[in-house]
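The block underneath contains the structure these notes are about, expressed in structure tokens.
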């Protein structure tokens, strides 16, 4: 039986898609925080503004819904009004391996209500994505060269296209962080596990967005892209929402993960 005082219980929610995803979080998360005795909630929020991007007001809505830290990825720049917001002290991250000159920060230390701390790190892959600095080198620079040692519990959101690059990051950071969780592809994978040195890993958490869709977008607006190869304007889908997350338990003293568990719900939203 888990000793609650010895572990941090962290829920990481997969990419939240548009209004349906936001409504599902608002509906489910308050009760989940209590029932699952959560210490920390992290969510990828780069798709909350009509499916692409994040705005300051929508960020505040997510934080008010019970999310503690918002991570992101390649769509974080889609709404210009978020640029200055990223330079504030609000707990919103952009991938750390963007150039230092870009707005915002790629990691932070979050203080839990009991005074303990957790490091949250946001990285982005490079294969089939923007050609940024190496996420592997960026992670090494932070973990090995930080002015002060990071807290033992360290959660990494690796926003990445291909599973091989995600796998590689998991093995690269095994034993150095508590968890490496993949986001971006919106489809949950079946490989949640503990790596040998104590890092919890999953290739992709999946999305929190319309179930009957094409990775969150309406079938009607996406299908012509595949059938005709002509550009179309994507719109967020509708109907029941698939809520996908993982629950991670990590030892407070060592940072070693004890468990990773898929949390999945289908919810009707208004």
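What follows is calculated from the coordinates using simple rules that are stated; it is not laboratory data. These numbers were taken from a predicted model, which means no experiment stands behind them. Please note: Cβ atoms are built from the backbone with ideal geometry, for glycine as well, and neighbour counts cover all protein chains shown.
Tabulated data
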| quantity | calculated |
| --- | --- |
| Packing-based exposure ordering (other Cβ within 10 Å, fewest first) of 230, 217, 96, 52 | 230, 52, 96, 217 |
| Relative contact order (percent, whole number), the range 1-133, Cα cutoff 8 Å, 6+ residue spacing | 18 percent |
| Order of 249, 35 under a 10 Å beta carbon neighbour criterion, fewest first | 35, 249 |
| Stretch gain in nm, segment residue 88-residue 168, where the contour uses 0.36 nm per residue and the Cα spacing is subtracted | 25.5 nm |
| For the chain, calculated [θ]222 nm from helices alone, where every DSSP H run of n ≥ 4 adds -39500 (n - 2.57) | -7000 deg cm²/dmol |
| Highest-fluctuation residue, 75, 229, 159 considered, GNM on the chain with Cα pairs under 10 Å | 229 |
| Ranked 165, 46, criterion: other C-beta atoms within 10 Å, fewest first | 165, 46 |
| Pairwise FRET efficiency - residue 4 versus residue 144, Cβ, R0 = 35 Å, nearest 0.05 | 0.65 |
| Separation of the residue 226 and residue 60 label points, Cα + 7 Å toward Cβ, nm | 4.0 nm |
| Contact order normalised by residue count of the chain, Cα under 8 Å, 6+ apart, percent | 19 percent |
| Fluctuation leader among 91, 30, 240 - the chain, Gaussian network, Cα springs under 10 angstrom | 30 |
| Stretch gain in nm, segment residue 233-residue 265, where the contour uses 0.36 nm per residue and the Cα spacing is subtracted | 8.7 nm |
